[in-house]
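Heads up: the structure comes next, in structure tokens.
The values are calculated or read from the model by the stated rules, or taken from the named source; none is laboratory data. Remember, it's a predicted structure, so these values are computed and weren't measured experimentally. All Cβ positions, glycine included, derive from the backbone under ideal geometry; neighbour counts span all protein chains shown.
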Amino acid sequence: MSVHTGYEPARSCTGAATDGARALMAWFLGAYGSRGGRNLGIYNCRSIAGSSTTSLHGEGRATDLGVPVGAPWAQALADRLVAMSAELGIQCVIYARRIWSGSYPNAGWRPYNGLNAHVDHLHVELSWSGARTLTAATVQRVLGGTPAPVPGARPTIRAGSRGDAVREAQNRLAAHGFGPGAADGVFGPKTTDAAKRFQGARGLAADGIVGPRTWAALLAAPPAPPTPAPTSARPVIRRGAKGDAVREVQRILNAWYPALPRLVVDGDFGAATDARVRHMQRAAGLAVDGVVGPATWRRLLGG
């Protein structure tokens, strides 16, 4: 049992989650999914809220381990991750307005004054060594528990393929802004074209074949816009509202919750959108009123 020493900041976005981050998330979902643990994201090409510094999410080295707000086991898990940080390659943990960092390895938990309070998730950052080499089996050996299947364990699909894996790929392409049309489970010309465009944008071989590397990029959280408008530039919206702001919320919520039924991105704030907003607010520890105001916008936009 020993703590990690040192900190490697992010430099630029890399296009996908690292194997180590996906392995840590897989272990977490297997060990804590039945207690309310959920995946709040790994890869997201953006800056740290309130600064111009690239977030470690942009290098795929940060995981947001979603927890019920106030769950007593969440702090216990955070303490274990810090205590075993050297074995796991963890260089930083932020939870409930406190931070531990390998920059000050022996200082313990310190106050965290960032814009995001991190009350609904443990933000866990890996060193590059951990990001490249950590496996779910290693986490299980160090911390116990049973990992869920590592995200990305999907079949290779291509033109002519059919079935649920194709439908999932079509939905993920749409979430990343490369919609192939209807998610009908048929890998036809439109899906091939969308896959090639997505691969080209992520620096992958644009062959239209969805294999392990393309799946990893698809299963990562869609990148946020590089220069999002401030939350003050977005209107307060609620049930009955219509327009582009509603579409933006619907797209973000679909990307956040790929396992839930997809919202129709039609710009109409109806009952389904209202229910999904309330679901997100409850999970984030916000006022559950279904109104997308400044606090909810800030959380949706990564703040």
Here is a check on your reading of the model: is R80 basic (K, R), buried (at least 21 other Cβ atoms within 10 Å of the Cβ) and touching a residue at least 40 places away in the same chain (Cβ under 8 Å)? no
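Pull up segment 224-262, narrow it to residues that are among the small types (G, A, S) and at pLDDT 70 or above, then point me to the one that is farthest from N44 (Cα to Cα).
Residues of segment 224-262 among the small types (G, A, S): 224, 229, 232-233, 240-241, 243, 245, 255, 259.
After this cut, where a residue has to be at pLDDT 70 or above as well, the list is 240-241, 243, 245, 255.
On the way: G240: 30, A241: 28, G243: 25, A245: 21, A255: 11 Å.
So, considering only residues that are among the small types (G, A, S) and at pLDDT 70 or above, the one farthest from N44 (Cα to Cα) is G240.
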Could you figure out which of (1) under 20 Å from A136 (Cβ atoms); (2) surrounded by 17 or more Cβ atoms within 10 Å (Cβ to Cβ); (3) among the hydroxyl-bearing types (S, T, Y) isn't true of S34? (2)
Exception for L173 within (1) farther than 30 Å from T54 by Cβ; (2) crowded, with 19+ Cβ neighbours inside 10 Å; (3) touching a Pro at 6+ places or on another chain (Cβ under 8 Å); (4) in contact (Cβ under 8 Å) with a residue 40 or more places away in the chain falls at (1)
For the subset of segment 1-22 comprising residues that are out of contact with any Gly (no Cβ under 7 Å at 6 or more places or on another chain) and at pLDDT 90 or above, which member is surrounded by the fewest Cβ atoms within 10 Å (Cβ to Cβ)? P9
From the residues in segment 202-216 that are free of Cβ contacts under 8 Å to residues at least 40 places away in the same chain and of a type in the set (G, A, S), which one is surrounded by the fewest Cβ atoms within 10 Å (Cβ to Cβ)? A205
Does segment 120-143 contain any residue that is at pLDDT below 90, of a type in the set (G, A, S) and either part of a loop (DSSP other than H, G, I, E, B) or farther than 25 Å from A21 by Cα (or both)? no
Checked pairs for segment 275-303, first free of Cβ contacts under 8 Å to residues at least 24 places away in the same chain and more than 27 Å from S52 (Cβ to Cβ), second surrounded by fewer than 21 Cβ atoms within 10 Å (Cβ to Cβ) and among the small types (G, A, S), C-beta under 7 Å and 6 or more apart or across chains, list as R278/G290; Q281/A287
Hey, among the residues in segment 83-99 that are over 19 Å from V139 (Cα atoms) and more than 19 Å from the chain's Cα centre (by Cα), which one's surrounded by the fewest Cβ atoms within 10 Å (Cβ to Cβ)? R97
Meets criteria (on the phi > 0 side of the Ramachandran plot and not β-branched (V, I, T)) for A183: no
Looking only at residues that are surrounded by fewer than 21 Cβ atoms within 10 Å (Cβ to Cβ) and in contact with a strand residue (DSSP E or B) (Cβ under 8 Å, 6 or more places away or on another chain) in segment 176-201, which one is modelled with the highest pLDDT? V186
